[in-house]
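Enquirer: One structure coming up, written as structure tokens, with questions to follow.
The values are calculated or read from the model by the stated rules, or taken from the named source; none is laboratory data. On a predicted model such as this, the values are computed, not experimentally measured, just so you know. We place every Cβ from the backbone using ideal geometry, glycine too, and count neighbours over all the protein chains shown.
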Amino acid sequence: MTFDKSGYFFIALLILAFLGFWQSYFSKFVTGINDTSFYFHFHAVMMVLWVSLLIIQPILVRNKKLHLHKRLGKLSYILMPVMLLSVLLILHSALNAVPPDKISFDMMLFPFRDFWLLIIAFVIAIRYRQNVQIHARAMIITGLVFIEPALFRFFNHMIFKDMGPVAAFAAMFLILSLLTTLVVLERKQKSGRWLFPSFLVIDIIVYSILIFEIPLTFLDPVARWFAALPLT
């Protein structure tokens, strides 16, 4: 499989993010309501910059602009750490709004997973930057991480109209279906075939924890320790 057209998929992701976050974020620029924290603005900018990079890079490869592709790729060494910082800050800011005795690890399950997925996928992409099949898949995973929050909100605000559980189940089903489709399509691939199945297994585990309400109370001290840090 080649992924030189994946940039068009991430254009769709930007549109999905705009629609999903319209009610809670983008509409406020129209109404003039300025009650969004700096940390959310910061994270939004970093997400847009990263997805924009995922759009541009495959297009450069498709048009044989490999030298520019490599030079632009070096920006990722700055963008990724700053984006990871934005994830930590927005999570910490959200936890600050919760009474300390009510903070649990469940509240940071998805951001915690996303944070480490981004790190692992990016490290793999850089480690195997000479192997197109592995590099491309790992970079795509860094973008797939952003589908979930956008899709959850899109379904909740525009499709199922604040039916939270239904929207969540629909989004999880769609994400698992997408990953399963990728796994099936590349079943005969010789290089890099392990990346999408690994992502699929991680999502199944996290979704199972959510659906079956598997207790993670032993990790609550970690969440409270993080919330107590002087970050935001």
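This table checks each residue for (1) in a helix (DSSP H, G or I); (2) at pLDDT 95 or above.
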site	(1), (2)
Leu95	yes, yes
Ala121	yes, yes
Ile124	yes, yes
Ala150	yes, no
Arg153	yes, no
Lys161	no, no
Ala167	yes, no
Ala170	yes, no
Leu182	yes, no
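Enquirer: Filter segment 156-173 for residues that are exposed (fewer than 15 other Cβ atoms within 10 Å of the Cβ) and touching a residue at least 40 places away in the same chain (Cβ under 8 Å) and give the result.
Expert: Residue satisfying the conditions is Met158 alone.
Enquirer: Test of understanding: among Leu195, Leu151, Leu200, Leu176, which residue is surrounded by fewer than 15 Cβ atoms within 10 Å (Cβ to Cβ), within 17 Å of the chain's Cα centre (by Cα) and touching a residue at least 12 places away in the same chain (Cβ under 8 Å)?
Expert: Exactly one of Leu195, Leu151, Leu200, Leu176 is surrounded by fewer than 15 Cβ atoms within 10 Å (Cβ to Cβ), within 17 Å of the chain's Cα centre (by Cα) and touching a residue at least 12 places away in the same chain (Cβ under 8 Å), namely Leu176.
Enquirer: To continue, here is another question. Got a sec? Which helices (runs of 4 or more DSSP H) wholly within segment 6-62 have at least 1 residues that are under 15 Å from the mean Cα position of the chain (by Cα) and at pLDDT 95 or above?
Expert: Counting at least 1 such residues, we get 38-62.
Yes/no per residue for (1) touching a residue at least 12 places away in the same chain (Cβ under 8 Å); (2) under 27 Å from Leu229 (Cα atoms):
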residue: Ser27; (1), (2): no, no
residue: Thr36; (1), (2): no, yes
residue: Leu49; (1), (2): yes, no
residue: Leu54; (1), (2): yes, no
residue: Pro58; (1), (2): yes, no
residue: Arg62; (1), (2): yes, no
residue: Met83; (1), (2): yes, yes
residue: Ser86; (1), (2): yes, yes
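Enquirer: Can I ask one more? Does Asp203 satisfy the condition of being touching a helix residue (DSSP H, G or I) at 6+ places or on another chain (Cβ under 8 Å), charged (D, E, K, R) and modelled with pLDDT of 95 or more?
Expert: Criteria met by Asp203.
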